[in-house]
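The values are calculated or read from the model by the stated rules, or taken from the named source; none is laboratory data. Given the structure is predicted, the values throughout are model-derived calculations rather than measurements. Methodologically, a virtual Cβ is constructed for each residue, glycine included, from the backbone with ideal geometry; neighbour enumeration extends over all protein chains shown. Each accessible area value is taken on the protein alone, full model and side chains, heavy atoms only, with ligands, DNA and RNA left out. Shrake-Rupley method; radii C 1.70, N 1.55, O 1.52, S 1.80 Å.
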Amino acid sequence: TVYSCDFFKMKPSLLGPAKMDAVFDRGAFEAIFEADRQAYVKLMFQFLQPDFRYILNVYEYQDEIFKGPPRACKKDEVLKLFDGISFEGKVSKATILSEEDFSEYGKSRWNIQDPDMKKIIYAIRAE
């Protein structure tokens, strides 16, 4: 099922009794303002089943260089927001699946002149 709506107006009751078992986030987390990220994660966890799988694809770069979107997602921020959340008797764990140099892509796509731009893919689940 695909929902097209203002995410922050979404309610768990709209999903019915079935919660999500998988999320592939390729652009939502990095598109929202940094000030909204904690609320995003809190709301997202209300939609998840206890045995969920969550893939988060983001870019890390110096945010003074480019204000986005995509907005820079620092590793420490992602881990702080997604790692260690108590969830139905379990605790969330975020790990890095891959980390690639995306400096050339950032230059050609968004004119981001950061030689250390990276694409980072996280796996998040409850253990």
What length, rounded to one decimal in nm, is gained on full extension from Ile85 through to Val2, with 0.36 nm per residue of separation minus their alpha-carbon distance?
-> 27.3 nm
Determine the calculated [θ] at 222 nm for the chain from helices alone, applying -39500 (n - 2.57) to every DSSP H run no shorter than 4 residues and normalising by the residue count; nearest 500 deg cm²/dmol.
-> -6000 deg cm²/dmol
The stretch 63-100 and the stretch 22-43: distance between their alpha carbon centers, rounded to Å = 9 Å
Fraction of accessible area attributable to carbon and sulfur, the chain (%, probe 1.4 Å) = 53 percent
Tell me, what HN-Hα J-couplings in whole Hz come from the Karplus equation 6.51 cos²θ - 1.76 cosθ + 1.60 at θ = phi - 60° for each residue of the stretch 93-106, using x for Gly and Pro?
-> 9, 10, 10, 8, 7, 7, 9, 10, 6, 10, 4, 5, 4, x
What is the calculated FRET efficiency for Val23 to Lys74, with r their C-beta to C-beta distance and R₀ = 25 Å, to the nearest 0.05?
-> 0.75
Helix 37-46: angle to the longest alpha-carbon principal axis of the chain, degrees 0 to 90, nearest 10?
-> 30 degrees
Candidate residues Cys73, Cys5: accessible-area rank, largest first, probe 1.4 Å | Cys5, Cys73
For Ile96 the rounded accessible area (nearest 10 Å², probe 1.4 Å, non-protein molecules ignored) is 70 Å²
Each label point is 7 Å from the Cα along the Cα-to-Cβ direction; what then is the distance between the points at Thr95 and Glu64, in nm?
-> 3.5 nm
With respect to the cross-link table entries Lys42/Lys90; Lys80/Lys118; Lys9/Lys75; Lys93/Lys119; Lys19/Lys93; Lys80/Lys119, which display a Cα-Cα separation exceeding 21 Å?
-> Lys9/Lys75
What whole-number value in Å² describes the accessible area per residue of the stretch 87-127 for a 1.4 Å probe?
-> 58 Å²
Work out, in µm²/s and without decimals, the Stokes-Einstein translational diffusion coefficient of the stretch 1-50 at 37 °C, 0.692 mPa s, Rh from Kirkwood over C-alpha pairs.
-> 280 µm²/s
In the list (i) 35, 27, 24; (ii) 39, 29, 24; (iii) 46, 30, 24, the entry giving Cα extents along the principal axes in Å computed from the coordinates is (iii)
For the chain, built as a Gaussian network whose Cα springs stay under 10 Å, the top-fluctuating residue of Arg37, Arg71, Arg109 = Arg109
